[in-house]
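What follows is one structure encoded as C-alpha cells, with my remarks underneath.
The values are calculated or read from the model by the stated rules, or taken from the named source; none is laboratory data. This structure is a prediction, so every number in the text was calculated from the model and none was measured. Note: ideal-geometry Cβ built from the backbone for every residue, glycine included; neighbour counts use all protein chains shown.
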Amino acid sequence: MKIQFSILSKYPKIRHGILMLTLILSFSSCNVVKRVKSNEHLITKNTIVEDGKTIKDERINNIIIQKTNSGMNSFFGFPLKLHVYNLARPNIDSIIEAKVLSDSSKVRWKTKLLSKKQFDREIQSRKNFNSWLKRTGEAPTIYNEDKTVKTSNNLRKYYYSKGWFDNEVSFEVEKDSNKRAQVTYKVTKKKPYTLDSLRPNISSPLIDSLYPKFIKATLLKKGEQYDEQNFESERERISKYLRNVGFYYFSQDYIRFETDTIDTNHKINTDLIIANRLIRTEDSTILEPFKIFKIKEVNIFTDDNFENRFKTISDTTFYKDFNLYSKEKLRFRPKAITDAVFINKGDIYTDLARSRSLRYLNDLQVFRYPSIEYVENTEDTSLTANIYLEPKKKYALSLDVDVSQSNIQTIGFSVTPGLKIRNIFRGAETLEISGIAAIGASKNRSDDVSAFFDINEFGGNIRLTIPRLFTPFNTDKIIPKYMSPSTAINASVTSQQNIGLDKQTLSGLLSYNWSPSQTVTNRLEFFNVQFVKNLNTSNYFGVYTNSYSRLNTIAQNIGYISSNDNLTIPTEADQFINDVINGNTSLAPTDDDFIVVNNIEERKQRLTENNLIFSTSFDYKKDKRTSIFDNDFSIFKWRVELAGNLLSNVSELLGSPKNENGNYEIFGVAFSQYFKTEIDYVKYFDLGRNNVFAFRSYAGIAIPYGNSNSIPFAESFFGGGPNDNRAWTAYNLGPGSSSTTNEFNEANFKIHLSAEQRFGLFGDLRGALFVDAGNIWNVLDNVEDDKATFSSFNSLKDIAIGSGFGLRYDFGFFVLRFDTGFKTYEPSLTLGDRWFKSYNFRNAVYNIGINYPF
C-alpha cells in the first residue's frame with residue numbers, strides 16, 4: 001500500500017487518470033440493472049465452494065449454466081456488452097409511433113424538409129441502429145431457479161465422474177434491493193472411490209490372446225481415484241491398438257466397462273467387456289469373432305476426376321506389388337507415387353498406414369483430396385486397398401500487385417508474377433518461378449520531375465521442391481518416409497537502386513525438411529549462401545543522416561569547419577573521420593566526441609562492407625496447437641547456425657593469403673564467420689469466455705570469431721516494432737542504455753519477454769492489455785561502448801519495459817490489430833529517472849499489424 005501511495009504521489013497525472021477512470025466506471029455500473037424488471041434480479045457473481053474452499057478452476061466454473069455478463073467479474077468489473085444492450089430501447093416501435101408518427105404536424109414538417117423517402121429512411125435507420133445495439137450487446141443474465149437447480153445437478157454429475165460418488169451439492173442465493181443476486185454453490189465431496197480389480201471378458205479369441213500385450217499400457221491403474229475420462233480414454237486406446245494390428249471392423253462401440261461398488265469399502269471392481277463383431281444383413285444379425293485382415297492388393301488410380309469418370313482404364317503399370325491404373329497416359333514415375341503409400345501387399349491392416357498415406361499424398365501438393373477405400377474379399381479374409389488420386393493442374397499462374405510507403409519512399413508500386421509447375425520431372429516435384437519489379441519515389445530526391453520514380457528493384461527467384469531427401473545416401477533408416485521428408489533448392493537474385501546504399505544480392509539454399517511427429521518439424525539448411533554487394537557506399541551519410549548530423553555538429557564545435565559550413569559527402573566527412581582517429585584534431589582518444597566519431601566509423605565500415613555468408617543451420621519446432629481455434633497450447637522453437645567454418649578450413653588448408661585486416665577473402669570479400677542461436681517459447685492459457693493470457697520469451701545471440709569481429713547487419717538483432725517491444729518503433733530501441741540516434745539500431749544479443757491479456761469486448765472486437773520487456777546489446781564483438789555492451793548480469797537493469805493496450809478485430813481468416821504502447825521504463829535515461837518519464841499519449845507509439853504479435 002505504501003508503494004502504491006508513493007508512486008501515485010510522485011506521478012499526479014497517473015493518480016488523476018486512475019481516479020477519473022474509477023469515477024466513470026462507478027457511474028456506469030449504476031446503470032447495469034436498467035433493463036431488469038422489478039421482480040427480477042441480475043446475477044452479478046457466481047461462486048463454487050468446494051469443501052469450504054472457493055474454486056477458481058475455469059473448467060468447473062464453466063459448468064454453471066447462468067454465467068454473469070461478460071466483463072462483470074473482470075479486472076475493471078465493467079460489463080461493456082451489457083451497457084451496449086441497455087442503450088437499446090425495448091419498445092422502439094412504440095416510441096417512434098408515440099413521439100413521431102402520431103404527430104401529423106411533425107410528420108408533415110419532416111417530410112417537407114427531408115422528403116417522404118428520406119423520412120422513411122431515417123425512421124428505419126433508427127430501428128436498425130436499435131437492433132444493432134441489441135445484437136452487439138448482451139442481455140442481462142436474470143436469475144432463474146430452474147437453471148440454478150440444473151447447474152447443481154450438473155455439478156453433482158461432474159464430481160461423480162471424478163470419483164466422488166456420494167457428493168452433495170446445494171446452493172444459496174443472496175438477493176438485494178438493487179435487483180442484484182449472487183449465487184453460491186456449495187459442494188461436499190466426501191470420500192472418493194478408487195480402482196481395485198480389472199477383469200477381462202473378451203469374446204473373440206484373437207483379441208483375447210492379445211490382452212496381455214495391450215493391457216500393459218492401461219490407463220486404469222489400481223489404487224488410483226476413479227475418473228470417468230480415463231475410462232473413455234482407455235476405450236479409445238484399446239480400439240486404436242486393435243485397429244492397428246489388423247482388426248479392420250473393430251470400433252470403440254464394442255468395448256464397455258461394468259463397475260461394482262456394492263460392499264467394497266469405496267473400492268471399484270471393473271469388468272472389461274469386448275463383444276464379438278455384429279454383422280447386420282437385410283433380415284438378420286449375426287455375431288462372429290473378430291478377424292485379422294491382411295492387404296491382398298493395392299490399386300492406385302492416378303487420374304480419378306469428374307471429367308474422365310466415364311472413361312475406361314487405358315494404361316496399367318505394375319510396380320513393386322502396386323497396381324497403377326490410368327485413364328490417360330501415366331503422368332508420374334511409379335516410384336514417386338508408391339513412395340508416398342504406406343499400405344503394402346501382404347501387410348496386416350493398420351489405421352496408421354492409412355493415415356500416413358493420406359498425409360504424405362497431401363504433402364506432395366500435386367493431388368486434390370486423395371482418398372482410400374478398402375474392399376473386403378470374403379473368401380480369404382483380406383482387403384483390397386483402392387487409392388484414388390486427382391492430379392492438380394500442371395501449371396498455375398499468380399500475380400501480386402502492391403502499393404506501399406516507407407521511411408525511404410513516399411510511394412512505391414511493385415508487381416510480383418509467379419509460375420508454378422507441378423510434377424515437372426514426373427517425380428511429383430514442384431518448380432516455382434517468381435520475379436519482382438518495383439518502382440518508387442524517394443522522400444529526399446533532388447529533382448521532382450526527372451527523378452520522381454528514382455527507386456527501383458528487380459529480381460527473380462527459382463525454387464524446386466522435391467518430396468524426398470535429395471542426397472547420394474540412403475537416409476530411410478534415419479529419416480523414414482512417414483516423416484514426410486522433402487528437399488528445397490532455392491536461388492534468387494535482386495538488384496536495388498537508390499534504396500539505401502544500392503545493392504545486389506545473390507543467394508542459394510539447399511534445405512531438408514521432415515516431421516518426426518504431428519507436433520514436431522525439423523529443418524536442416526545444409527548450406528545457405530548469401531552474397532551482398534553494396535554499390536553506392538559513397539552515399540552512406542546521405543542515407544544515415546543522423547550519423548552525419550552528429551559528425552557535422554562535432555566538426556563545427558571543435559572548429560574543424562565554421563558554424564555556417566557543412567561537411568561535404570563523402571569527401572570531407574570521410575576526411576574528418578580520418579583526421580580525428582589519426583590525432584589530427586583537438587580531440588583526444590578519451591574525449592566523448594572522439595568515442596562518438598570512432599563508433600560512427602566502426603558502424604560505417606560494417607554497414608558498407610560487402611558480405612559473403614556461407615552457413616549451415618538447424619531449426620527445431622514443437623507446436624502443440626491443434627487448430628486455429630485452439631487457445632491453450634505452447635510453441636517451442638530453437639535454431640542454431642554456424643557460418644564460415646567450411647570456408648575458413650579450406651582457406652587454411654590451401655594456405656590462402658590474408659588481407660590487411662588479417663582475414664581470408666573469397667572473390668575479394670572477407671567472408672563472415674560466426675555462431676548464432678535463438679530460443680523462442682510461446683504459451684497460451686485459455687481462461688474461457690474469449691479470455692486468453694499469452695506469454696512469450698525469446699533470447700538470441702550471434703558470436704563472431706575467426707574471420708570476423710562483427711556480425712553482418714542482416715544477421716543482427718533489433719528491438720521495437722509491432723511484434724516486439726511495442727512502446728518503441730522498429731530499430732529504435734537500444735543497444736543497452738545508449739541514447740544513440742542511429743536510424744537502425746542493432747546488436748548481436750537480444751532478450752525479449754511479452755505478456756498479453758486478451759479479452760472479448762463485443763461481437764468480433766477484442767481488447768488487450770500488454771507488457772513488453774527486453775533490449776539488445778553488443779557482446780563479444782568489436783563494439784567498445786560500455787552503455788551498448790552486455791558486460792554482466794548487472795546489464796539486465798537496462799531491459800526496457802513498455803506497456804499498453806490494444807484492439808483487435810477478428811475477420812475469421814486474419815486479425816486486424818491496433819496497439820498503443822507507452823514507454824514505462826527507459827534504459828537510455830539516467831538511473832533515477834527511467835520510470836514513467838514518457839508515459840503519455842504524446843510519446844506513445846501506435847502500431848498497426850496483421851494477426852497477433854505472437
Those residues of region 79-102 which are part of a loop (DSSP other than H, G, I, E, B) and either aliphatic (A, V, I, L, M) or under 30 Å from PHE762 (Cα atoms) (or both), in sequence order: PRO79, ALA88, ARG89, PRO90, ASN91
Quick check: is even one residue across region 621-640 more than 18 Å from the chain's Cα centre (by Cα) and within 19 Å of GLU525 (Cβ to Cβ)? yes
What residue, of PHE231, PHE214, PHE250, is in contact with a Leu (Cβ under 6 Å, 6 or more places away or on another chain) and of a type in the set (A, V, I, L, M, F, W, C)? PHE250
Qualifying residue in region 440-450 (condition: basic (Lys, Arg), crowded, with 18+ Cβ neighbours inside 10 Å and either at pLDDT below 90 or part of a loop (DSSP other than H, G, I, E, B) (or both)): no
From the list THR285, THR338, THR302, pick out the single residue that is closer than 23 Å to ASP380 by Cα, in contact with a Leu (Cβ under 9 Å, 6 or more places away or on another chain) and hydroxyl-bearing (Ser, Thr, Tyr). THR285
Residues of region 763-781 satisfying the condition of being farther than 16 Å from LYS797 by Cβ and buried (at least 20 other Cβ atoms within 10 Å of the Cβ): ARG766, ALA768, PHE770, ASP772, ASN778, ASP781
Tell me yes or no: at least one residue of region 103-117 is surrounded by fewer than 17 Cβ atoms within 10 Å (Cβ to Cβ) and not in a helix (DSSP H, G or I). yes
Which pairs have Cβ atoms under 6 Å, sit 6 or more apart or on different chains, and link a residue in region 215-244 that is more than 18 Å from ASP271 (Cβ to Cβ) to one that is of a type in the set (Asp, Glu)? ARG243/ASP351; ASN244/ASP351
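Can you pull out the helices (runs of 4 or more DSSP H) entirely within region 540-594 that have at least 3 residues that are of a type in the set (D, E, K, R)?
Because the criterion is at least 3 residues that are of a type in the set (D, E, K, R), the helices (runs of 4 or more DSSP H) in region 540-594 that meet it are 571-581.
Mind listing whichever residues of region 520-553 are more than 27 Å from GLN496 (Cα to Cα) and in contact with a Leu (Cβ under 8 Å, 6 or more places away or on another chain)?
PHE526, LEU551, ASN552
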Residue check for LYS787: outside the structural domain of PHE541 (by TED's automatic domain parsing), of a type outside the set (Gly, Ala, Ser) and in contact with a Gly (Cβ under 7 Å, 6 or more places away or on another chain): yes
Listed residues ASP303, ASP271; which is in a strand (DSSP E or B) and either touching a Ser or Thr at 6+ places or on another chain (Cβ under 8 Å) or closer than 21 Å to ASN230 by Cα (or both)? ASP271
I'd like the full set of residues that are closer than 30 Å to GLU432 by Cα, hydroxyl-bearing (Ser, Thr, Tyr) and at pLDDT 90 or above, limited to region 372-408. TYR388, TYR395, SER398
Does any residue of region 156-165 turn out to be in contact (Cβ under 8 Å) with a residue 40 or more places away in the chain, of a type in the set (Gly, Ala, Ser), under 29 Å from THR68 (Cα atoms) and surrounded by fewer than 17 Cβ atoms within 10 Å (Cβ to Cβ)? yes
VAL341 being aliphatic (A, V, I, L, M), without any contact (Cβ under 8 Å) to a residue 60 or more places away in the chain and surrounded by 16 or more Cβ atoms within 10 Å (Cβ to Cβ): yes
Could you check region 191-250 and list, in sequence order, the residues that are more than 29 Å from GLU373 (Cβ to Cβ), among the hydrophobic types (A, V, I, L, M, F, W, C) and either assigned to a helix (DSSP H, G or I) or within 37 Å of the chain's Cα centre (by Cα) (or both)? ALA217, LEU219, LEU220, PHE231
When only residues in region 782-809 that are small (Gly, Ala, Ser) and surrounded by 14 or more Cβ atoms within 10 Å (Cβ to Cβ) count, which is modelled with the lowest pLDDT? ALA788
Take the conditions among the hydrophobic types (A, V, I, L, M, F, W, C), loosely packed, with under 15 Cβ neighbours inside 10 Å and in contact (Cβ under 8 Å) with a residue 24 or more places away in the chain and apply them to PHE636. Does it pass? no
Check region 651-663 and report whether any residue there is under 30 Å from VAL771 (Cβ atoms) and surrounded by 15 or more Cβ atoms within 10 Å (Cβ to Cβ). no
Is it fair to say VAL580 is crowded, with 17+ Cβ neighbours inside 10 Å, within 42 Å of the chain's Cα centre (by Cα), among the β-branched types (Val, Ile, Thr) and more than 30 Å from THR494 (Cβ to Cβ)? no
Would you be able to say whether some residue in region 348-355 is part of a loop (DSSP other than H, G, I, E, B), of a type in the set (A, V, I, L, M) and modelled with pLDDT of 90 or more? no
Exactly one of PHE718, PHE685 is out of contact with any Asp or Glu (no Cβ under 6 Å at 6 or more places or on another chain) and of a type in the set (Phe, Trp, Tyr), and that one is PHE685
Looking at SER398, SER414, SER355, SER371, which one is surrounded by fewer than 18 Cβ atoms within 10 Å (Cβ to Cβ), closer than 30 Å to PHE744 by Cα and among the hydroxyl-bearing types (Ser, Thr, Tyr)? SER414
Would you check if there is a residue in region 763-770 being modelled with pLDDT under 85 and assigned to a loop (DSSP other than H, G, I, E, B)? yes
Note on region 462-521: residues farther than 30 Å from ARG356 by Cα, of a type in the set (Val, Ile, Thr) and outside any strand (DSSP E or B) are ILE499
Across region 313-330, the tally of residues that are outside any strand (DSSP E or B) and within 22 Å of PRO485 (Cα to Cα) stands at 1
Being farther than 30 Å from THR68 by Cα, charged (D, E, K, R) and not assigned by TED's automatic domain parsing to the domain that holds GLY71 narrows ARG639, ARG689 down to just ARG639
Among the residues of region 170-179, are any buried (at least 16 other Cβ atoms within 10 Å of the Cβ) and either under 30 Å from LYS34 (Cα atoms) or assigned by TED's automatic domain parsing to the domain that holds PRO90 (or both)? yes
